[in-house]
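Comments concern the structure below.
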Amino acid sequence: MKHIKNHHIFIALVLATAFLSCKSSKDNPTNKSLPNIVLINVDDLGWKDLGFMGSQYYETPNLDILANEGMVFYNAYAGATNCAPSRACMLSGLNTPRHGVYTVSPSDRGNSKTRKLIPIENTEHLNDTIYTLPKMLKSAGYITGSFGKWHVGNDPAIQGIDVNIGGSSKGNPGKGGYFSPYKIDHITNGPDGQYLTDRIANEAISFVEKYRDTTFFLYLPFYTVHTPIMGKEELIGRFKNKKRSDGQNRPDYAAMVASMDENVGKLLEEIKKNGLENNTLVIFTSDNGGIRAISEQNPLRAGKGSYYEGGIRVPLVIKWPGKVEPNSSSMSRVSNLDFYPTLQEIVKPAKRAQVLDGIDLNPILEAKTTTERDLFFHFPIYLQDYSKVHDQGSDPLFRTRPGSVIISGDWKLHEYFEDGRLELYDLKSDLGEKNNLAEQHPEKAQELLKNLKAWRTKNNAPVPTIKNPEYDAVFEQRIIQNVERK
C-alpha cells in the first residue's frame with residue numbers, strides 16, 4: 001500500500017509540474033532559443049566617423065572591438081538621407097513611397113523663388129496602423145524597449161514599444177539639451193549637468209538588468225551626434241590637442257563621438273556580464289550621412305540631406321556569436337530596409353509582415369556570400385542647403401532637389417524632376433561622384449532610367465509635375481552667382 005501511495009504522489013507531482021510548465025509557457029511566450037536583439041542607431045553619424053572606418057581623428061575603441069567581433073558592411077546605406085524618413089524606412093521595412101515620410105517638416109523648404117515645382121506633400125510620421133518592426137517582434141514574444149530619439153510618431157507605445165525613455169515626435173534634444181535639465185519628453189531630469197548620452201545608455205543598461213531572463217529587443221537611437229554640437233568639457237579639451245585629419249577637425253564633435261562610443265561599450269559589457277553575449281544579436285548603424293560642414297566623409301561627396309554617397313552611406317556592423325564570423329566584412333550593397341526582413345526570418349513571428357522592401361541578410365551573415373540587387377531612393381521634395389560652401393550639392397541652394405536615384409552594381413543614376421537632368425557615376429572608379437558619365441554612356445543611363453521609372457510605377461511613387469508660379473529664374477541665377485563669387 002505504501003508503494004501505491006508513493007506512486008500516486010509521484011504522478012501528482014508530475015502532473016503539477018506539467019501544469020505549471022504549461023501555465024508558465026502560456027503566460028510568458030518568450031522563446032529563449034531566440035536571440036536578444038540590440039539595435040543601436042546613432043543620429044547623423046557619418047560613414048567615416050569611426051576608427052574602424054578609417055578616421056584618424058575620432059576615437060572609438062569600443063566600436064572598433066565590436067567591428068572585430070562581427071561583420072562590417074562597407075557598402076551600407078540608409079533608406080533615406082535625413083532623420084525621419086530613414087527611421088520610418090528602418091522601422092517599417094517600407095521604402096519612402098509606401099509610407100510617404102520624405103523629410104522632416106515641410107517638403108517645400110528653401111526660397112520659393114528658386115523652386116521650379118510644387119513638391120509632393122510630406123507625411124510627418126508613420127501611420128500608427130503600420131506593422132512596425134517592434135510590433136512584429138512583440139508577436140514573437142519579445143519585450144521591446146526604446147531609449148532615445150523615436151521621431152516617427154507621437155507615442156512609441158502605440159507603435160510597438162513596451163518601455164520608452166526619451167522618445168516622442170521630437171527630432172533633437174533642443175537648445176542646450178544635452179545636459180540636464182532636459183528638453184525632451186518621457187524622461188525625468190537627472191542631476192544638473194548630467195549628460196544625455198550617459199543617461200540614455202544607463203536607462204538601456206537598467207532595461208537589460210530587468211529583462212535579462214526574458215527575450216528582449218533593445219532599440220538605442222541616441223540623440224547624439226545630432227546638433228546642437230555639445231560634448232563634455234574634459235573630452236573637448238583632449239581633442240583640442242590632437243592633430244586634425246582630412247576634414248575632421250572639431251573637438252566638440254569628437255567629444256560627442258567619444259561619449260557615444262564609451263556608452264556603447266558600457267552597454268555591451270553589461271550584456272556580457274549577465275551572460276547574454278552569446279545569445280544577443282547586435283546591429284550598429286547610423287540613420288543617415290553626417291553633416292559635411294561639421295565632419296567631412298572624404299572621398300564621399302556631400303552629406304546629410306543629399307543623395308550623393310556622403311548623405312546615404314552609413315557605417316554598419318552586425319555581431320551574432322556563432323552565426324556571424326568575427327573579423328569578417330562584406331562589400332554587398334545593403335540597406336537599413338533589410339533589418340526588418342532579416343530579423344523576421346530569424347524570429348519567425350506569429351504574425352508576419354506581408355510586404356517588405358528589403359531583403360533577408362542571413363545568407364550573407366552566415367556564409368559571407370554576396371548579393372546583387374538594385375537600390376532605389378525617392379525624394380520628390382526640396383531640402384535647402386546647410387552651408388553653400390561645404391554641402392557639395394548639385395547646386396549651392398539645395399542639398400537636393402526633387403528626384404530619384406538607382407544604384408545598380410557599381411553604376412549610380414540620379415534623375416532630377418525639374419528639368420529631366422541625369423547624372424551617371426561609376427562608383428567603382430569614382431566614389432566621390434565627380435565625373436558625370438551620362439553623355440559618355442547614354443545606353444547605360446537610359447537602361448537605368450527605364451528601371452528607375454518601372455520601380456516608381458510599381459510602387460506608386462509620386463512625381464511632382466505642377467509648376468511653381470512663384471519661381472523666378474532671374475532671381476535664382478542672381479543668388480547662385482552671388483554664392484559662387486564668394
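Summary of computed values
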item	result
Hits in the range 186-216 - residues which are within 21 Å of Met256 (Cα to Cα) and either touching a Pro at 6+ places or on another chain (Cβ under 8 Å) or part of a loop (DSSP other than H, G, I, E, B) (or both)	Ile187, Asn189, Gly190, Pro191, Asp192, Gly193, Gln194, Leu196
Pairs where the first residue, in the range 258-283, is under 15 Å from Lys210 (Cβ atoms) and the second is surrounded by 15 or more Cβ atoms within 10 Å (Cβ to Cβ) and small (Gly, Ala, Ser), C-beta under 6 Å, 6+ apart	Leu267/Ala201; Leu267/Ala204
Residue check, Val347 buried (at least 20 other Cβ atoms within 10 Å of the Cβ), outside the structural domain of Asp395 (by TED's automatic domain parsing) and either more than 25 Å from Gly403 (Cβ to Cβ) or among the small types (Gly, Ala, Ser) (or both)	yes
Flag for Gly289 being in the same structural domain as Tyr253 (by TED's automatic domain parsing) and in contact with a Lys or Arg (Cβ under 6 Å, 6 or more places away or on another chain)	yes
Which listed residue is within 22 Å of Val317 (Cβ to Cβ) and in the same structural domain as Arg313 (by TED's automatic domain parsing), from Tyr74, Tyr102	Tyr74
Unique residue being surrounded by fewer than 16 Cβ atoms within 10 Å (Cβ to Cβ) and in contact with a strand residue (DSSP E or B) (Cβ under 8 Å, 6 or more places away or on another chain) when the list is Lys450, Lys467	Lys467
Helices (runs of 4 or more DSSP H) wholly inside the range 306-392 that include at least 1 residues being under 21 Å from Gly51 (Cα atoms), modelled with pLDDT of 95 or more and within 17 Å of the chain's Cα centre (by Cα)	309-312
Options Lys428, Lys368, Lys388, Lys412; residue that is in the same structural domain as Arg478 (by TED's automatic domain parsing), closer than 28 Å to Ser330 by Cβ, basic (Lys, Arg) and surrounded by 14 or more Cβ atoms within 10 Å (Cβ to Cβ)	Lys412
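One line per residue, one yes/no per condition, for (1) closer than 21 Å to Trp47 by Cα; (2) without any contact (Cβ under 8 Å) to a residue 12 or more places away in the chain:
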{"site": "Trp320", "(1), (2)": "no, no"}
{"site": "Arg333", "(1), (2)": "yes, no"}
{"site": "Gln354", "(1), (2)": "no, yes"}
{"site": "Phe376", "(1), (2)": "yes, no"}
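Let's see how each residue does on (1) within 19 Å of Thr227 (Cβ to Cβ); (2) of a type in the set (D, E, K, R); (3) in the same structural domain as Asp419 (by TED's automatic domain parsing):
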site: Ser107; (1), (2), (3): no, no, no
site: Asn111; (1), (2), (3): no, no, no
site: Asp128; (1), (2), (3): no, yes, no
site: Ala140; (1), (2), (3): no, no, no
site: Ser146; (1), (2), (3): no, no, no
site: Tyr178; (1), (2), (3): yes, no, no
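The values are calculated or read from the model by the stated rules, or taken from the named source; none is laboratory data. Because the structure is predicted, anything quoted here is derived from the model rather than measured. Cβ: placed from backbone, ideal geometry, glycine included. Neighbour counts: every protein chain shown.
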